[in-house]
1. Looking only at region B:184-195, decide whether some residue is modelled with pLDDT of 85 or more, over 30 Å from residue A:115 (Cα atoms) and either away from every other protein chain (no Cβ under 14 Å) or in contact with a helix residue (DSSP H, G or I) (Cβ under 8 Å, 6 or more places away or on another chain) (or both).
2. Which of the residues spanning region B:150-186 are surrounded by fewer than 21 Cβ atoms within 10 Å (Cβ to Cβ) and of a type in the set (Val, Ile, Thr)?
3. Listed residues B:371, B:321, B:409; which is within 25 Å of residue B:568 (Cβ to Cβ), of a type in the set (Asp, Glu) and modelled with pLDDT under 95?
4. For region B:79-100, what are the residues that are touching a helix residue (DSSP H, G or I) at 6+ places or on another chain (Cβ under 7 Å) and within 14 Å of chain A (Cβ to nearest Cβ)?
5. I need the full set of residues from region B:584-633 which are among the small types (Gly, Ala, Ser), under 25 Å from residue B:317 (Cα atoms), surrounded by 15 or more Cβ atoms within 10 Å (Cβ to Cβ) and out of contact with any strand residue (DSSP E or B) (no Cβ under 9 Å at 6 or more places or on another chain), in order please.
6. Select, from A:82, A:39, A:62, the only residue that is buried (at least 20 other Cβ atoms within 10 Å of the Cβ) and either within 14 Å of another protein chain (Cβ to nearest Cβ) or under 18 Å from residue A:216 (Cβ atoms) (or both).
7. Kindly indicate the residue of region B:538-583 that is among the acidic types (Asp, Glu) and under 22 Å from residue B:499 (Cα atoms) and also surrounded by the fewest Cβ atoms within 10 Å (Cβ to Cβ) among those meeting that condition.
8. Within region B:1-18, which residues are assigned to a helix (DSSP H, G or I) and of a type outside the set (Gly, Ala, Ser)?
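The values are calculated or read from the model by the stated rules, or taken from the named source; none is laboratory data. Just so you know, these numbers come straight off a predicted model, no measurement behind them. Here Cβ is always computed from backbone atoms with ideal geometry, including for glycine, and neighbour counts include all displayed protein chains.
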Amino acid sequence: MAPGKQEQAEAPGWPEYFARQAEACRTPALKHFYETGLPGEQRPIEDIPLMALDFETTGLDPREHAIVSIGMVPFDLRVIRPSAGRYWVVKPPRPLREESIAFHRITHSEVEHAPPIAAILDEVLAELAGRLAVVHYRNIERPFLDAAVLATRGEPCLFPLIDTMALEARWERQGRLQGFKRLFGIEPSSIRLADSRGRYGLPHYSSHHAKVDAMATAELFQAQVARHFSPDTPVSELWI
Amino acid sequence: MEAEIREIRDHMGQYPPFDGLKDELLDEAAGAVEIAYFKAGTAISERDQPVEALSYIRSGAVEVYLHNGQLYNRLGEGDIFGQFDLLRDRQVRFPVQAIEDTLLYLIPKPVFDRLCAADGNFADFVELSGSRLKSTVEQSLRDNDMIATRVRRLISRLPVMIEESATVQEAARLMTENDVSSVLLLKPGNDEDSDRVFTDGEGRQWLLTGMITDKDLRQRIIAEGASAQTPLATISHGKLITIQSDESVNEAMLTMLRNNIQRLPVLHRRRPVGVVHLSDIVRYETNNSVYLVNNIFNRTSVKALARLTPEVRASFVRLVDEGASSQMIGGAMSSVGRSLMRRLVEFAEAELGPPPIPYCIMVHGSLARNDQSITTDQDNAMVLHDSFDPKRHDDYFRELARQVSDGLDACGYPYCKGGVMATNEPWRQPLAQWKRYFSDWIARPDPQRLLHSSIFFDLDAVHGEERFVEELQDLIAARAQNSPLFLAALARNALGRTPPLGLFRTFVLEQDGRHNNTINIKRRGIAPMNDVIRVHALGVGSRAQNGFERLEDISGAGALPAGQTDKLSYALEFLSMVRMRHQAEDIKKDQEPDNAIEPELVSDTDRHNLKEAFQILSNAQKFLRFRYPSPGR
């Protein structure tokens with residue numbers, strides 16, 4: 001399977017993977033998702049429809065933990081549209097642990113009445129189709145969605161995405177200056193969502209909620225491009 | 001309503017014209033918002049480009065230009081632009097540029113049109129206004145402000161809520177964690193038909209059943225010796241009085257008074273959005289500078305602080321118009337000035353790192369006396385710990401002083417013409433040196449030298465080791481009263497500026513060219529009055545700095561003939577009020593506020609009072625000459 005390893009090696013690119021999966025997949029929603037395809041690798045980022053994506057989960061390991069809520073907000077470099085976004089609470093296969101309840105402020109009875117992930121996956125995939133996902137910290141949304149699709153549909157679901165945290169690390173964690181700072185024991189700056197936003201003068205949002213975080217991620221990406229990239233940067237320089 | 005819409009709505013709802021909208025309209029506006037980010041220095045809109053939305057500044061700042069490229073307006077958080085273009089022909093006439101990194105909320109044209117059609121005040125605001133200052137000032141002119149302001153303006157945080165099946169102890173813990181004195185009780189709703197049932201952000205139903213306060217915990221649990229494990233439901237009153245978030249502040253106050261309660265849960269339709277306390281209303285009514293101070297501590301750059309100047313002025317005008325006393329206004333403006341300074345010091349310390357040795361920022365003049373008005377220089381100094389070593393430490397403090405002083409200048413407190421600023425080395429010294437200064441001024445009171453140093457005899461700490469300044473205040477209080485020569489010299493200086501009264505109680509007007517036929521009320525009235533009061537205060541060993549407090553000490557010590565301190569107090573209040581009212585008028589007329597009173601424009605009663613106040617000052621100066629005579633005269 002191409003992606004996963006793709007991040008290091010010169011494996012077949014995302015377009016090839018999408019074309020192959022569009023052929024191979026039997027689940028209609030997945031087939032449609034792959035058929036809708038990807039923007040060309042050289043297309044400028046300003047032309048690309050984007051989708052900020054945020055999951056809240058019961059833990060960090062997709063094999064062990066489950067999705068609790070999903071927030072998505074469509075946007076592009078020009079404008080962010082929260083009202084066109086979506087939000088779902090999902091019932092995980094296993095009951096919620098106390099500590100994760102405290103973190104999400106989503107409670108038992110709320111989850112009790114929520115649909116299982118299987119019931120909404122088609123909708124999630126339909127929303128994502130044709131849009132490039134933007135997340136803050138790549139190791140949650142893609143692996144958890146892949147695990148959920150694999151578990152319920154028996155086929156994998158992988159796609160390129162832009163990780164605002166990885167972008168932030170390019171400036172805040174790499175480079176010679178940062179190396180010097182490390183040498184002198186100066187703490188690297190935090191690249192968590194709220195701290196990263198602070199560096200761009202973005203406001204503080206009070207709630208922890210998948211859709212608020214998706215909106216916050218979209219704003220951060222607009223700010224990162226405004227400060228560090230030209231709007232005609234090829235999309236392949238940004239996705240991973 | 002979804003969480004992200006609530007984030008948007010809660011911000012917009014604090015600023016005009018959105019603060020006056022009914023809840024449904026505000027919801028509609030927030031629900032339709034689109035968002036866009038602009039880096040500092042980039043164009044947001046250019047001339048003749050089509051306009052499709054009203055722009056609301058969520059964070060950052062922009063500048064609006066005229067066709068000729070001239071700066072027309074500078075706008076910040078909570079301001080709107082694009083309304084004129086939307087109302088006219090949907091093309092940009094005034095280009096807009098981001099001067100800080102800026103996040104905009106865009107309200108699409110159709111929603112904007114509906115807001116204008118549905119709400120007359122909104123339409124008036126977008127048609128007439130541009131500046132928030134103007135609207136704030138006009139708003140404050142309406143004396144039924146409490147009727148116009150909606151209660152949700154007073155909400156500062158979401159309500160703390162707990163299920164009523166929880167124990168008293170759990171509630172107490174939650175209240176402690178959140179630092180609140182009340183908590184709302186809930187139980188899961190089951191579709192019952194009640195106006196207490198609401199659906200939360202996650203689509204879950206709840207029934208609002210009551211509220212528990214600190215007092216309940218004291219009376220029903222601790223006093224009764226009941227168990228901390230008592231379920232909340234058993235101590236709940238069961239009856240709960242609430243108010244809708246778009247009701248007026250006035251209505252909220254009446255509801256509390258009618259029901260003899262101090263806390264009122266505020267509902268948006270049926271969802272609890274906050275709890276208003278009686279003290280919130282009192283605070284709102286008496287002193288909205290509290291909000292301003294809060295705002296100061298939220299700002300994260302000097303530029304952002306500087307943009308608060310219109311709000312500082314609006315708050316000043318509002319206090320004057322509401323008939324607050326000069327002491328209240330002076331106190332409020334001083335706390336604004338102090339907060340600004342503290343925030344500037346925080347910025348500087350954040351940049352320069354922690355101070356190498358303890359230090360204190362000291363202020364003089366009006367800020368020390370707590371009688372700051374709207375036009376005022378900065379007078380500050382720095383008292384350093386005695387371990388101060390110029391070679392090792394002074395780079396830090398010089399830079400800190402520079403940043404604070406530059407910041408104050410940017411925020412409308414211009415540099416002190418007399419150089420009383422910590423940026424000047426003589427006024428950036430260790431405590432021991434300051435003690436030497438004061439000892440020397442008191443022991444060898446050369447009148448000429450005192451003229452320049454008397455400003456230091458009003459002194460207070462603003463930031464850092466307050467005890468340094470307290471030690472200086474102690475030293476002055478102890479030494480001055482036992483130094484007749486010093487008091488005499490100070491008294492002689494206090495006679496230098498005479499009130500503008502000629503023979504037969506006519507006004508003597510200034511003829512200095514720029515302010516012909518005016519009276520400089522500060523130079524000819526308030527300042528000499530403060531000089532007189534300072535001499536008496538030091539003479540009785542008072543440690544107070546504020547004029548009115550000094551007069552109380554003087555009166556307590558019996559230093560003046562009976563009734564004199566009352567008269568002085570009345571005259572000081574009146575002179576200060578005339579000055580503040582004059583400055584508020586200047587601000588309303590969009591003029592730079594000054595101290596030049598035109599007696600022609602003063603009402604007959606006020607003119608009479610003014611003459612009387614000057615006469616009191618004149619008499620007080622004569623008495624001073626007699627009470628603290630210069631040797632050999």
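1. Checked region B:184-195: no residue is modelled with pLDDT of 85 or more, over 30 Å from residue A:115 (Cα atoms) and either away from every other protein chain (no Cβ under 14 Å) or in contact with a helix residue (DSSP H, G or I) (Cβ under 8 Å, 6 or more places away or on another chain) (or both).
2. B:155, B:160, B:162, B:167, B:176, B:180
3. Details: B:321 fails: within 25 Å of residue B:568 (Cβ to Cβ); B:409 fails: within 25 Å of residue B:568 (Cβ to Cβ).
From the options B:371, B:321, B:409, the qualifying one is B:371.
4. Matches in region B:79-100: B:100 only.
5. Narrowing region B:584-633 to residues among the small types (Gly, Ala, Ser): B:584, B:596, B:603, B:613, B:618, B:620, B:630, B:632.
In the following step, the residues that additionally are under 25 Å from residue B:317 (Cα atoms) were identified as B:584, B:596, B:603, B:613.
So of that shortlist, the ones also surrounded by 15 or more Cβ atoms within 10 Å (Cβ to Cβ) come out as B:584, B:596, B:613.
The answer is B:584, B:613.
6. On the way: A:39 fails: either within 14 Å of another protein chain (Cβ to nearest Cβ) or under 18 Å from residue A:216 (Cβ atoms) (or both); A:62 fails: either within 14 Å of another protein chain (Cβ to nearest Cβ) or under 18 Å from residue A:216 (Cβ atoms) (or both).
After applying the criteria, what remains is A:82.
7. Of the residues in region B:538-583, the ones among the acidic types (Asp, Glu) are B:549, B:552-553, B:566, B:573.
Applying the additional criterion that residues be under 22 Å from residue B:499 (Cα atoms) yields B:566, B:573.
Values: B:566: 12, B:573: 16.
My answer is B:566.
8. Pass one, region B:1-18, residues assigned to a helix (DSSP H, G or I): B:3-12, B:18.
Answer for region B:1-18, where residues must be assigned to a helix (DSSP H, G or I) and of a type outside the set (Gly, Ala, Ser): B:4, B:5, B:6, B:7, B:8, B:9, B:10, B:11, B:12, B:18.
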